[in-house]
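Structure first, then comments.
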Amino acid sequence: MSVAAWNVRGLNDPSKHNEVRHFIISNSISLFGLLESRVNVNKLDKVVRNICNKWLYTSNHNVSLSSRVFVAWNPSNLSFVPVLVIEQAIHGHAIFTDNVCIHVSFVYGLCDRDARKSLWGELSHCADMFRNEPWVVLGDFNVTRFGTEHASISMITKAMQDFNKAVLTAELEDLTRTGCLYKWNNRKKGDEAIAKKQDRAQGNWKWFKSLGDTYAHFHPPRISDHSPITIQIRVR
């Protein structure tokens, strides 16, 4: 089974529902963080039912009117228990049918550097809570870590320094990746083209010790300008 995250750039269009449903089935996804859904809280249930009828879900509508993050899961394979729900993330426990537990954080960082600072603080807090068990963080951080993660500009900004400091503080490391190098692009060509690695998956020390053979695959963007991320889970 797989854990996945995808900035879908809106889910109000029914044609996108078919694409997401196909992506879930073709990649054996059991836990899915959908970012930037733009779905009104009153319509969210209908959208989830249309995509994955028998799945359960939770969202951060209480702290984000635009539903920056919602998480859906297949209850036949696991349960997901939210532990901390904030504007930029949903952090929780994924408990499999054999009672094995991992911690998963689905992240959608705000565009503003100062606004992201609260997210970095929450990651540090979660690192302390989840230190003794496997923890993976995945999603759209809205900032790159290294100069090589931008197709045309190699400078290191203060926002990137903030991110790197947060990663070091939380003791996270990038998972081995396959697939697309740049996870976001502005869908333009020539001199106007911009591509970056804003989406990523990271794990703590316990993740690598218990699930070190897992890797993050970045798929073509399809209906979005962001690559969806999948992580195949083989619980030991």
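The values are calculated or read from the model by the stated rules, or taken from the named source; none is laboratory data. Just so it is clear, the model here is predicted, and its values are computed rather than measured. With ideal geometry, Cβ positions are generated from the backbone for all residues, glycine too; neighbour counts draw on all protein chains shown. When the accessible area is computed, the model is the full protein with side chains, heavy atoms only, and any ligands, DNA or RNA have been set aside. Shrake-Rupley method; radii C 1.70, N 1.55, O 1.52, S 1.80 Å.
All but one of (1) more than 21 Å from THR230 (Cα to Cα); (2) open to solvent by 60 Å² or more (accessible area, probe 1.4 Å); (3) among the small types (Gly, Ala, Ser) hold for SER76; which doesn't?
That leaves (1) as the condition not met.
Of these, VAL47, VAL39, VAL100, VAL69, which one is among the β-branched types (Val, Ile, Thr) and under 24 Å from ARG200 (Cβ atoms)?
Numbers: VAL47 fails: under 24 Å from ARG200 (Cβ atoms); VAL39 fails: under 24 Å from ARG200 (Cβ atoms); VAL100 fails: under 24 Å from ARG200 (Cβ atoms).
Just a single option satisfies the conditions, and that option is VAL69.
Search the range 98-114 for residues being more than 14 Å from the chain's Cα centre (by Cα) and not β-branched (Val, Ile, Thr), and hand back the single one that is most open to solvent (accessible area, probe 1.4 Å).
Quick first cut of the range 98-114, residues more than 14 Å from the chain's Cα centre (by Cα) only: 98-102, 111-114.
Subsequent filtering for residues that are not β-branched (Val, Ile, Thr) retains 98-99, 101, 111-114.
Details: ASP98: 94, ASN99: 126, CYS101: 34, CYS111: 110, ASP112: 83, ARG113: 83, ASP114: 97 Å².
Per the criteria, the residue is ASN99.
Looking at the range 48-68, which of the residues that are touching a strand residue (DSSP E or B) at 6+ places or on another chain (Cβ under 8 Å) and of a type in the set (Ser, Thr, Tyr) is most open to solvent (accessible area, probe 1.4 Å)?
Filtering first and then ranking leaves TYR57.
Go through the range 123-132 and give me each residue that's in contact with a strand residue (DSSP E or B) (Cβ under 6 Å, 6 or more places away or on another chain) and either surrounded by fewer than 23 Cβ atoms within 10 Å (Cβ to Cβ) or part of a helix (DSSP H, G or I) (or both).
Going residue by residue through the range 123-132, those that are in contact with a strand residue (DSSP E or B) (Cβ under 6 Å, 6 or more places away or on another chain) are 126, 130.
Result: CYS126, single match.
Per-residue answers, yes or no, for (1) closer than 20 Å to ILE95 by Cα; (2) of a type in the set (D, E, K, R); (3) under 13 Å from the mean Cα position of the chain (by Cα):
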{"position": "VAL3", "(1), (2), (3)": "yes, no, yes"}
{"position": "TRP6", "(1), (2), (3)": "no, no, yes"}
{"position": "ARG9", "(1), (2), (3)": "no, yes, no"}
{"position": "GLU19", "(1), (2), (3)": "no, yes, no"}
{"position": "LEU34", "(1), (2), (3)": "yes, no, yes"}
{"position": "ARG38", "(1), (2), (3)": "no, yes, no"}
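Determine which member of the set ALA89, ALA94 is at pLDDT 95 or above, among the small types (Gly, Ala, Ser) and within 24 Å of LYS197 (Cβ to Cβ).
Numbers: ALA94 fails: within 24 Å of LYS197 (Cβ to Cβ).
Residue meeting the stated conditions: ALA89.
Can you name the condition, by its number, that GLU36 falls short on among (1) farther than 20 Å from GLU122 by Cβ; (2) in contact with a strand residue (DSSP E or B) (Cβ under 9 Å, 6 or more places away or on another chain); (3) surrounded by 14 or more Cβ atoms within 10 Å (Cβ to Cβ)?
Here GLU36 meets the rest and fails (1).
Among ASN53, ASN142, which is the only one that is under 14 Å from the mean Cα position of the chain (by Cα), over 24 Å from ASP213 (Cα atoms) and polar (S, T, N, Q)?
ASN142
Taking the condition of a type in the set (A, V, I, L, M), under 24 Å from PHE208 (Cβ atoms) and open to solvent by less than 10 Å² (accessible area, probe 1.4 Å), does ILE95 pass?
Working: of a type in the set (A, V, I, L, M): yes; under 24 Å from PHE208 (Cβ atoms): yes; open to solvent by less than 10 Å² (accessible area, probe 1.4 Å): no.
No: the conditions fail for ILE95.
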